[in-house]
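Below you'll find the structure, written out as structure tokens, and then a few comments.
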Amino acid sequence: MRADIVTIFPEYLAPLDLSLIGKARSAGLLDVAVHDLRDWTHDVHRTVDDTPYGGGPGMVMRPEPWGEALDAVFPPGAHLVVPSPAGALFTQRTAHELAAESHLVFACGRYEGIDQRVLDEAAARGRVSEISLGDYVLFGGEVAVLVIMEAVTRLLPGVLGNADSLVDESHADGLLETPVYTKPAVWRGREVPDVLRSGDHGRIARWRRAAALTRTAQRRPDLLAALDPAKLSKHDVTT
Ligand code: SAM
């Protein structure tokens, strides 16, 4: 996968060199380029913002540098992702959809956001998705891009050492993952559930399924309510 990220704070994306994303890049599974929006300005102050038409507080990102930036990094076939608190909520499903793309381009807004005509023009010549991390407002789109890139990269084939990690984890099948434990078996008087030490794989699988259902019901009843009934077994219903 190729990812181009346009921002006025390229340093903000430094974590994309680290950990498993950094390894995916070194392994050639992911090709990331971070671009400074100000490289597409032409005035001495490298201006990217101006006052909003209609008045009001704050500044709006000007269309000219964004237009030139997208002319350069948003080719036909790519998918432009614009982080925005007014976008569609980012979920694991979105991460899967984006992980299936071969070329993502990210436009990081700042101030009051990007002039709407930039998005309209981009949408007239390619795919554009406005994506929100949640119902709160950040200073800029860079942190959202880090979150999206992390969720997407771990879904790319070959990135995780054990692809089974993706199967049972939270949100993979609409449920939250069960609590997890490691050695020692007793720590500060707290014991790992017996069943997990039993070696009985059938019992362990049933316990994990019941624990995932219980945890989801307690913490995220909305997820349970949205679960496809076809994904529930007779055993689940009696759990
Ligand atoms: N005036 C905008 C509004 O009320 O919708 C908020 C602008 S915000 C201060 C600046 C930039 O941060 C946005 O253009 C967007 O790129 C990013 N941002 C803020 N909150 C976000 C969120 N919840 N999800 C994704 N991106 C967000």
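The values are calculated or read from the model by the stated rules, or taken from the named source; none is laboratory data. Given the structure is predicted, the values throughout are model-derived calculations rather than measurements. Neighbour counts are summed over all protein chains in view; Cβ atoms, including those assigned to glycine, are modelled from backbone coordinates with ideal geometry.
Applying the criterion of being within 26 Å of Leu223 (Cα to Cα) and not aromatic (Phe, Trp, Tyr) to the residues of segment 177-194, the residue that is nearest to the chain's Cα centre (by Cα) is Glu177.
Against the definition (more than 22 Å from Glu169 (Cβ to Cβ) and assigned to a loop (DSSP other than H, G, I, E, B)), how does Glu112 come out, yes or no? It is true that Glu112 is more than 22 Å from Glu169 (Cβ to Cβ) and assigned to a loop (DSSP other than H, G, I, E, B). So, of the residues in segment 208-239 that are touching a helix residue (DSSP H, G or I) at 6+ places or on another chain (Cβ under 9 Å), of a type outside the set (D, E, K, R) and within 14 Å of Leu176 (Cα to Cα), which turns out to be surrounded by the most Cβ atoms within 10 Å (Cβ to Cβ)? Here the answer is Thr216. Taking the residues in segment 101-134 that are of a type in the set (D, E, K, R) and in contact with a Pro (Cβ under 9 Å, 6 or more places away or on another chain) as candidates, determine which candidate is nearest to the ligand (Cβ to nearest atom). Looking at residues that are of a type in the set (D, E, K, R) and in contact with a Pro (Cβ under 9 Å, 6 or more places away or on another chain), I get Glu112. Checked against the criterion of being in a helix (DSSP H, G or I), modelled with pLDDT of 95 or more and near the ligand (Cβ under 6 Å from one of its atoms), segment 135-151 has at least one qualifying residue. Only residues that are under 23 Å from Arg110 (Cα atoms) and modelled with pLDDT under 95 were counted across segment 17-57, and they come to 1.
Considering segment 1-109, the qualifying strands (runs of 3 or more DSSP E), each wholly inside and each with 1 or more residues that are surrounded by fewer than 21 Cβ atoms within 10 Å (Cβ to Cβ) and touching a Lys or Arg at 6+ places or on another chain (Cβ under 7 Å), run over 31-36, 79-89, 103-107. Within segment 179-206, the set of residues being among the basic types (Lys, Arg) and at positive phi comprises just one member, Arg188. If you scan segment 71-100, which residues turn out to be within 15 Å of the ligand (Cβ to nearest atom) and within 25 Å of Leu29 (Cβ to Cβ)? Those that are within 15 Å of the ligand (Cβ to nearest atom) and within 25 Å of Leu29 (Cβ to Cβ): Leu80, Val81, Val82, Pro83, Phe90, Thr91, Thr94, Ala95, Leu98.
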